[in-house]
Amino acid sequence: MEELLSNGHHESLPESYILPVDKRPDLIINKAIPVIDLAAHNHEQTAMQILQAGKEYGFFQVVNHGIEEEVIREMLKISKEFFQLPIEEKAVYFSEDANKYPRLHTSTTHVNKLEKKFWRDYFRFVSHPVNPQSMDQWPQIPTSFREIAPKYSKVARELGLKILKFIAQGLKLDDNYFNGEVSDTSIVNINFYPQCPDPSLALGLISHCDPNLITVLLPDDQVNGLQVLHHGDWIAVDPIPNAFVINVGHQLEFITNGILKSVEHRAATSSAMSRISIATFIYPSSECVIGPAKQLIDENNGPIFREFKLKEFLSIYNGHIGDTANIMDAFKIKA
C-alpha cells in the first residue's frame, strides 16, 4: 500500500513531491472571485449574477444558501476525525483501483506528465444515486459518519441542482433542463492536505479543470488553499465561513456552447496547518450524450463543440489531466 500522508508528521519534502521550477506555486494577485447571495428576492438578477460569474471566472462563492451551519460543521468534523484515525483503521478503505467506491488514496488518481506526486490524501464515495450496498462499506468510525455523510451529501447535491436551475433560467432554457441523466450521479471527495514542509516546492493538486457538470466545494474556513487561474494570474480564494465555492465543470461549458467557462484551478499547501475540503461533483450518466443545448444554437451562433458520450470524454480526460487545451480540442468542431 502506498504511504498515506495523513499517517504522520513530515520533517522534509520527499523528492517525489518536488515540482519542476515552472510548475511550482507562484505569485498570487490580490483579487476575489464573486460572492452571490442566494437569498436575494430578485431571482432573475441572481441568475444573471451566476451567469456573469461563470463567464468571467468560472468560479463564485454562495452565501445564504439554506444549508444549516450544524450540518456543515458536523461534516467537517467527521472528515477531520477520519483522517486522524490510526493507519490500521483507514487501511481497509485504501485501493489502487480508481473505479472502486468508497476509496481511500493519496496524491491523485490520474496520470500526469510531471510524474510527480501531490500533497493530498482523499476519501471518495458515490453519494447519489443512493446504493444501500455501497453505503454498507462506508466507514463505521467515526461512529456518526454513516449518519452525517448522507445528510450532508443530499443537501450539497440539492445546492448544486439549485444553481443549475438558476443557470437554466438565465440562459432561457427549461427550468428542468439539467434534471435527469445530465445530473445523474454525485461523487464526494473528502480531501486532506497535511502540513507541508515547504509549500513553495509542492502542490496539493495539479492545475486542472473539473471533468463533471458542476462542483460544490465546502472549503476549510481556517486556511485557504484553492487557487483559480484568471486571465493568466492566480487568485487565492479566501473562504467565507459557511459559504460554498461553486465552479463550472467541463460538461457545463460544452452544454452552454462555451458561454460558461471551466477554469483551471489548483490546491496550494500550508506549512502552518493541515486543511480539509469537501467537493461534491455532479456528473451526467456515462451514456449521456453531451453537446451544446439546441436552444443556444442559431444561424449566428453555431455549435463550437461536437456531441459525445460522457464515457468518451472521461477516457480522454483521465489520460491528460492538467492538459486542458488538448482535452478541449478533442471535442471542438474543426473549421
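The values are calculated or read from the model by the stated rules, or taken from the named source; none is laboratory data. Just so we're clear, the structure is a prediction, and the values are computed from it rather than from any experiment. Don't worry about glycine lacking a Cβ; one is built from the backbone with ideal geometry, like all the others, and counts go over all protein chains shown. Heads up: the accessible areas ignore ligands, DNA and RNA and are worked out on the full protein's heavy atoms, side chains in. Shrake-Rupley method; radii C 1.70, N 1.55, O 1.52, S 1.80 Å.
Here region 116-140 is the region considered, the condition is being open to solvent by less than 50 Å² (accessible area, probe 1.4 Å) and assigned to a loop (DSSP other than H, G, I, E, B), and the residue that is nearest to residue 158 (Cα to Cα) is 138.
Any idea which residue in region 77-105 is modelled with the lowest pLDDT, counting only those that are aliphatic (A, V, I, L, M) and open to solvent by 20 Å² or more (accessible area, probe 1.4 Å)?
Selected residue: 98.
For region 164-196, what are the residues that are under 18 Å from residue 285 (Cβ atoms), more than 21 Å from the chain's Cα centre (by Cα) and surrounded by fewer than 18 Cβ atoms within 10 Å (Cβ to Cβ)? Matches in region 164-196: 176 only. Scanning region 16-33 for any residue that is farther than 22 Å from residue 193 by Cα and in contact with a helix residue (DSSP H, G or I) (Cβ under 8 Å, 6 or more places away or on another chain) turns up at least one such residue. Might you check whether a residue that is in a loop (DSSP other than H, G, I, E, B), over 20 Å from residue 27 (Cβ atoms), hydrophobic (A, V, I, L, M, F, W, C) and open to solvent by 10 Å² or more (accessible area, probe 1.4 Å) occurs anywhere in region 197-207? No. Could you say whether any residue in region 244-265 is over 20 Å from residue 48 (Cα atoms), surrounded by fewer than 22 Cβ atoms within 10 Å (Cβ to Cβ) and among the basic types (Lys, Arg)? Checked against the condition, which is being over 20 Å from residue 48 (Cα atoms), surrounded by fewer than 22 Cβ atoms within 10 Å (Cβ to Cβ) and among the basic types (Lys, Arg), region 244-265 yields no hits at all. Being touching a strand residue (DSSP E or B) at 6+ places or on another chain (Cβ under 7 Å), under 26 Å from residue 158 (Cβ atoms) and among the basic types (Lys, Arg) is the filter here; which residues of region 64-94 pass it? The answer is 80, and nothing else. Scan region 159-179 and report the pairs whose first residue is closer than 16 Å to residue 248 by Cα and whose second residue is of a type in the set (S, T, N, Q) and part of a loop (DSSP other than H, G, I, E, B), with Cβ atoms within less than 8 Å and a gap of 6+ or a chain change. Final answer for the pair search is 161/179; 165/176; 167/256; 168/176; 171/256.
Going by the conditions given, is residue 279 of a type outside the set (S, T, N, Q), on the phi < 0 side of the Ramachandran plot and either in a loop (DSSP other than H, G, I, E, B) or open to solvent by 40 Å² or more (accessible area, probe 1.4 Å) (or both)? Considered against the rule, which asks whether it is of a type outside the set (S, T, N, Q), on the phi < 0 side of the Ramachandran plot and either in a loop (DSSP other than H, G, I, E, B) or open to solvent by 40 Å² or more (accessible area, probe 1.4 Å) (or both), residue 279 comes out as no.
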